[in-house]
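Here's the structure, in structure tokens; my notes come after.
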Amino acid sequence: VSLAAAASWAPLRFSALHPEAFQNKQILATAGDATPAPGPGCPPLGPVPELWSPAAEEPPLQVRVLTYNLFWWKLFDKGQFAQPNFHLNTHGNTATELLVQDEGWLLAQAGLADKYEIFRDKHSCMAYNRSSWSLLSKGVQWVAQDSQYGERPAQWMRLKHGETGRVLFFVNHHGPIPINSGGECGGEAVAHSILHLVKAKASVGDAVVLTGDFNSDTRSVTIRQLQEHLKPAFRGTAYGGVDHIFSNLGEGSLVSSKNWGDGGSDHDALSAVLQVGEEKLDPSGSSPAEAKARKEIDVVPTVVSYSGFGGFPR
């Protein structure tokens, strides 16, 4: 989920549900190691841009991220019978307590409306802790085409940390189906589009974190291409491991990670704490991780599947 103070956006209600809407993406044909031929209208691919490491001269900090495909259309559409059961069955689940979704309603349900700034785009939503970060810029770019559900986004925001001045470029992606296909233009095109987005919208020296439900596992062209330019930090297990967290941080930057379980979704909620910049030892030999003065910063991105025009995003 991602940020932005957005206007109220009521979930769509469907009086009649089409059987194909309940088709499980796990049983759709998957491409595996195959590289599908790009469809008509797919642009030629240019060179992959070179990215960077975070600025070394700025103070270190830790960033916590959360990515979660909420199975929105089935569990959170207020017209769906499953929504109240979700809350009954997941009481006390930390992952559900961190949800930041439907502008207003779900933020209020999670008790986070006064802490997080949120914005929503097609197939995706993001949020950030406004007490720690200020928003420099945000946007969304379509990076894949899904023959069943249309354009697929890479939603992004550029944040500045108030205490250290460090800048974080955060990207939230919801990939196309079938799994591992890369959609109509293939996995290489998806990876190229995401990397070009980072190059165009971020600045050299920014810490970069990319998360989401990619609908691609490590066999896919999409993930193989991305991990040549960004470091894998953590991935889930749902559908063979299609939920990922990547960054441009150095080796050993993953401080901790946790799979919180599915909470009623068909995906798991994943969180990770990432170290940005090198930790320096103080005279006592303690690292900032052990020092009382060091703060742990919260960024809570969440990938959302919600009811949409013409069908149910996966």
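The values are calculated or read from the model by the stated rules, or taken from the named source; none is laboratory data. A quick note: this is a predicted structure, and the numbers were derived from the prediction, not measured. Glycine gets a Cβ as well: all are built from the backbone with ideal geometry, and neighbour counts include every protein chain shown. Just the protein is used for accessible areas: all its heavy atoms, side chains included, with ligands, DNA and RNA removed. Shrake-Rupley method; radii C 1.70, N 1.55, O 1.52, S 1.80 Å.
If you check His161 against the conditions, is it at pLDDT 65 or above and crowded, with 23+ Cβ neighbours inside 10 Å? Working first, answer last.
Numbers: at pLDDT 65 or above: yes; crowded, with 23+ Cβ neighbours inside 10 Å: no.
Criteria not met by His161.
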Being closer than 13 Å to Asn180 by Cβ and either open to solvent by 50 Å² or more (accessible area, probe 1.4 Å) or of a type in the set (D, E, K, R) (or both) is the filter here, so list the residues in the range 214-239 that pass it. Asp217, Thr218, Arg219, Arg224
Does Ser181 fit the bill of being in contact with a strand residue (DSSP E or B) (Cβ under 8 Å, 6 or more places away or on another chain) and of a type in the set (S, T, N, Q)? no
Scan the range 122-139 and tell me whether some residue there is under 18 Å from the mean Cα position of the chain (by Cα), open to solvent by less than 10 Å² (accessible area, probe 1.4 Å), small (Gly, Ala, Ser) and more than 24 Å from Gln225 (Cα to Cα). yes
For Glu188: the one exception among (1) at pLDDT 95 or above; (2) among the acidic types (Asp, Glu); (3) closer than 24 Å to Gln275 by Cα: (3)
Take the range 147-157 and flag every residue that is of a type in the set (D, E, K, R) and surrounded by fewer than 21 Cβ atoms within 10 Å (Cβ to Cβ). Glu151
Flag if Ala95 is of a type in the set (Gly, Ala, Ser), modelled with pLDDT under 70 and more than 27 Å from Leu226 (Cα to Cα): no
